[in-house]
Amino acid sequence: MTTRPNILFICTDQQRGDSLGCTGAPWAVTPNLDRLAMRGTLFENCYVQNPVCSPSRASLFTGKYPSNHGLYANGVPLPDDQHMFTRTLADAGYDCGMIGKQHLAPCDTWRTEPRRDDGYHVFEWAHGPNHRALENDFHRWLRKTQPDIYQSIFPNTGANENTEYSNRARTGTPIDHVPKEAHYSHWVAERAIDFIDTDRSEPFFLMANFFDPHHSFGAPQEFRDMIDADAIPAPITKPGELDEKPKDHHAISEKSYSGTAPGFQDYTRAEIKEIRAQYWAMIALVDYEVGRILGALDKAGGLENTLVIFSSDHGEMLGNHQQLLKGPQLYDDLCRVPLIACWPGEIPAGQRVSNPVQWIDLSATILEASGCGVGRGVQGQSLLPMMRGEVADFRPWALCEYRYSGFPTDPLIMTTMLRHETWKLIVWHGAPACGNTRDGELYDLAQDPDELHNLFHVPEHAKQRRRMKRRMLDAMAEAEDRTHPQSRPW
């Protein structure tokens, strides 16, 4: 291809890897995303490098593991010396835009998160539908297009409903249940379509950030009506499961987010069933809006020369293992996310890739597709050679790091996950890393894909446990930042 492609990155928040029709959820209403997967490559085992928003997004934009980019927890700003791949694209002539949630800095104030040297020409920011920052562009749009709805939901201009308000809601807040024409997801699509329709001579990069299916688990009734709650299986667990896991699993089941949100045990079975139905209703709405965006791209004649990527920053427990939301537990529910890449003429259609890949690979992929080469400090590997069948030996492992990344606990929790081929090890660190009790989890994903049976303390699997520990040590050494070039021998 002689011309550089447009790049459209569609990102959701808190979406599980198994939540689409094409990834194993036949009850999901996701025709547009399923069609996108048929036109491109579906990665069945894409792992994020942290199960919490900010650290994961920082890994995407820098191409680095959290231990190297420094944004180890929500509320920690990305250090100024960290380079974003969007800056590289802008310097190469791309018209870069961001719509929706960014979350590379603290967002619990009345102000927008601070801008970085991010390369964006268009920056339309809204951390979430309930966040009352004065610069919330979704609220500005809602006041203009749906003033009655805005006033009915946010009558008090002095209240700052933000994360705590949403965390404690059980099946949505009023802004989650508005008609789709007034919804945050609709706003993202509207602004993305306007960006795509802009006349320009240079290629574009657009990151369209949906907030759904992030809790508080609520969708417009139109989309809730599409979901058959009885068709959704009950949460995955077994009697006595938590007794086989590290002790903190019990506390996480009792209260989410260190007690700042209701836990799984605060809900009835019927309430959990409705939460799961609302979750897929939110996904149905996202799919509808993604269809509108792709339709606009097709109408503008850009679909054939656009690399479209769909993914999410982390997953959601959704009642599995008797837990909700996210945290230090590194199940696939949290670490594995959907990943679809479509680029007609460059990526063969209908491919499914089972080899583990990582979120840090996306920045390398985007930079190669744009012709920018290897980005500054990027540790990931481009996925383009794999998709084109040019690489037979790709990294067989994925690493995820949690460093008291979410709501703080006492003592603080640090966990590390390694997936190597079909085995998975999770280490719950102890002293001197943190004051927690050292423990672990070991899963044979070939025999136990739902991660129900912890083999870490089973004598028959001691050899495999030691083998995985050695592999984790080697992977952590490989994950160290050695991207700075050696200019002379000494």
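Points worth noting:
- With the simple model of a label 7 Å out from the Cα in the direction of the Cβ, S258 to E271 spans 2.3 nm.
- Residue-by-residue Karplus 3J(HN,Hα) for segment 69-82, coefficients 6.51, -1.76, 1.60, Hz, glycine and proline x: 7, x, 8, 8, 8, 3, x, 9, x, 5, x, 5, 7, 8
- Averaging Cα coordinates gives a centre for segment 6-64 and one for segment 419-490; these two points are 24 Å apart.
- Across segment 320-420, Cα-Cα distances exceeding 17 Å account for 62% of all pairs.
- When segment 401-464 is reduced to its Cα atoms, the Kirkwood hydrodynamic radius in Å: 12.7 Å
- What the phi angles of segment 332-347 give under the Karplus curve with 6.51, -1.76 and 1.60, with θ = phi - 60°, is a coupling list of 4, 3, 9, 8, 9, 10, x, 8, 10, 10, 9, 8, x, x, 10, 10 Hz, glycine and proline written as x.
- Proxy reagent accessibility, fewest Cβ within 10 Å first, across F9, F123, F205, F195: F123, F9, F195, F205
- Residue-averaged [θ]222 nm for the chain, counting only DSSP H segments that reach four residues, each worth -39500 (n - 2.57): -8500 deg cm²/dmol
- In terms of Cα atoms, the Rg and Dmax of segment 378-490 work out to 17.1, 51 Å.
- Mean projection area, nm², convex hull over Cα of segment 114-201: 7.1 nm²
- The DSSP beta bridges internal to the chain are antiparallel in roughly 50% of cases.
- Gain on full stretching of the segment that runs from A431 to W27 - 0.36 nm per residue minus C-alpha separation: 141.0 nm
- Percent of C-alpha pairs per 5 Å bin in segment 97-246, short distances first: 2, 8, 15, 19, 18, 13, 10, 8, 5, 3, 1, 0, 0.
- Among 465-474, 479-488, 113-122, the order from most to least packed when residues are scored by Cβ within 10 Å on average: 113-122, 465-474, 479-488
- For K424, residues with placed amide H under 5 Å, excluding near neighbours: Y443, L445
- Taking amide hydrogens as placed 1.01 Å from N in the peptide plane, the amide H of F205 sits under 5 Å from those of I7, D95, C96, G97, each at least 5 positions away in sequence or on another chain.
- Within segment 412-448, trypsin sites (Lys or Arg not before Pro) in DSSP loop having at most 12 other beta-carbon neighbours inside 10 Å: R438
- Computed magnitude of the charge dipole of the chain (debye, nearest 20; Cβ of K, R +1, Cβ of D, E -1): 880 debye
- Percent RCO, i.e. relative contact order, over segment 45-194, from Cα pairs under 8 Å lying at least 6 residues apart: 16 percent
- Residue-span extension gain [D230 to Q464] - 0.36 nm each, minus C-alpha spacing: 80.3 nm
- Additional length obtainable on full extension of the chain from F394 to D91, 0.36 nm per residue less Cα span: 106.1 nm
- When you restrict to C-alpha pairs under 8 Å that are six or more residues apart and normalise by the size of the chain, the relative contact order lands at 24 percent.
- Cα gyration tensor, segment 38-137 - rounded (a/c under 1.5), prolate or oblate: rounded
Read-outs: derived from the displayed coordinates by stated rules, not from any lab. Only a predicted model underlies this, so the values are computations on that prediction, with no experimental measurement involved. A quick note on method: Cβ atoms are made from the backbone with ideal geometry, for glycine too, and the neighbour counts reach across all protein chains shown.
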